[in-house]
Amino acid sequence: MTDTDLLVPAGSAPNGPFGLDITPERAGWGYSGLKTLELSAGASAPVALGKDEAIALPMAGGFEIAVEGQTFHLQGRPDEFSAVTDYAYLGRGTTAQITATGDGGRLALATARAEETLASSYRPAEEVRLELRGSGSASREVRNYALGNAVSTDRLLVVEVITPGGNWSSYPPHKHDVHSEDERVLEEIYHFRFRSHALGAQTGEGVGYHRQHGTPERPMDLLAEVRSGDTVLVPHGYHGPCMVPPGYDMYYLNVMAGPERDGTWKMTDDPHYTWVRETWDGQAFDSRLPLAKEQS
């Protein structure tokens, strides 16, 4: 995989009904994947998971998911920024029929190559663990859909991160590419969406910047301008910061999986930037957070 392969621009990796289809094979690694599905009202699409497990996460709109003789009714949300959402866990090897309700919408299917087959289940928004990280201009909102909350997965970890305009997230740069007391090996996907505060702006307008770099043993170098629908692959190395200019808000969906099956997320900072954490003592979180105030 070359550095240029790490950025997957919006619309460059479709497959059948999926506007984005990142499989482990497409990414050149072993576990993590992501599909996105945009459906008009009443439209349906089948999803066959094969060796994967999945989190079906409404990014905008609501959906019905028929799987294993049951139907999950996902209320969803107006958009990625305004609220956390209910969602569904889909077990390894299942085949589901996904139908858009209301005015239609956009669904993410975060996947991981799994070994154990777990039962598919509906998960309410109340189970999502919401936390604030960082401080000051490094404040961001993290929504844990499959990390340290009630849902059980075989390998899959899924979170959303909301960064208000002018702030930095995924900072300090950090990595999780070795197995140790302080790290777990996790392949990671970043999928971006933006919101503009300009009067009359269209949904999805905005821009941000994403940085990742490797180690001397495993070099890598990417500084990318990212827009709604763009995706970045993180096979190894330090990733961050993600930066969003004033006047816009940044959303990214993180999908992580690796060889371990202990549901653990551990990382280490780039040692050049660890000192930044010490400057956060006594600083308040950004008062605009959380954006998902109705769930806070």
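Read the figures in this text as sums done on the coordinates, not as results from a lab. The model shown is predicted, which means the values in this text are computed figures rather than measured ones. Note that each Cβ is placed from the backbone with ideal geometry, even for glycine, and that neighbours are counted across all protein chains shown.
Each residue of the stretch 7-22 in order: what ³J(HN,Hα) in whole Hz does its phi give by Karplus 6.51 cos²θ - 1.76 cosθ + 1.60, θ = phi - 60°, with x for Gly and Pro?
With the stated coefficients, the stretch 7-22 comes to 9, 10, x, 3, x, 9, 9, x, 7, x, x, 8, x, 9, 9, 9 Hz.
Where does the charge balance sit around Gly11 when Lys and Arg score +1, Asp and Glu -1, over other residues with C-beta under 13 Å from its C-beta?
Residues near Gly11 contribute -2 overall.
With the convex hull built on the Cα atoms of the chain, state its orientation-averaged projected area in nm².
Approximately 14.7 nm², given one-decimal rounding.
Hey, what did the chain get for relative contact order, percent, Cα under 8 Å, at least 6 apart?
Computed value for the chain: 20 percent relative contact order.
Sticking with the crude label model, points 7 Å out along Cα→Cβ, report the distance from Ala284 to Ser40 in nm, one decimal please.
The modelled label-to-label distance comes out at 4.8 nm.
On full extension of the chain, what length is gained from Gln70 through His272, given 0.36 nm per residue of separation minus the C-alpha to C-alpha distance?
Gain in length upon complete extension: 67.6 nm.
I need the phi-derived Karplus couplings for the stretch 282-287: 6.51 cos²θ - 1.76 cosθ + 1.60, θ = phi - 60°, integer Hz, Gly and Pro marked x.
Ordered by residue, 3J(HN,Hα) equals x, 7, 8, 5, 4, 5 Hz.
Work through the residues other than Val151 whose Cβ is under 9 Å from its Cβ and net out their charges, Lys, Arg +1 and Asp, Glu -1. Please list the in-between numbers first.
Numbers: positive: Arg123; negative: Glu127.
Local charge sum for Val151: 0.
What FRET efficiency comes out for the pair Thr95/Arg129, r = Cβ-Cβ distance, R0 = 30 Å, nearest 0.05? Numbers along the way, then the final one.
Details: r = 30 Å, r/R0 = 0.99.
For R0 = 30 Å, the calculated efficiency reads 0.50.
Taking Cα centroids, how far is the stretch 62-98 from the stretch 229-296 in Å?
Measuring centre to centre over Cα atoms gives 25 Å.
For the stretch 54-70, in order, what is each residue's ³J(HN,Hα) by Karplus, 6.51 cos²θ - 1.76 cosθ + 1.60 with θ = phi - 60°, in whole Hz (x at glycine and Pro)?
In residue order, the calculated couplings are 8, 9, 9, 10, x, 8, 8, x, x, 8, 10, 10, 9, 8, 6, x, 9 Hz.
So what's the net charge close to Leu233: Lys and Arg +1, Asp and Glu -1, counting the other residues with Cβ under 10 Å from its Cβ?
-2
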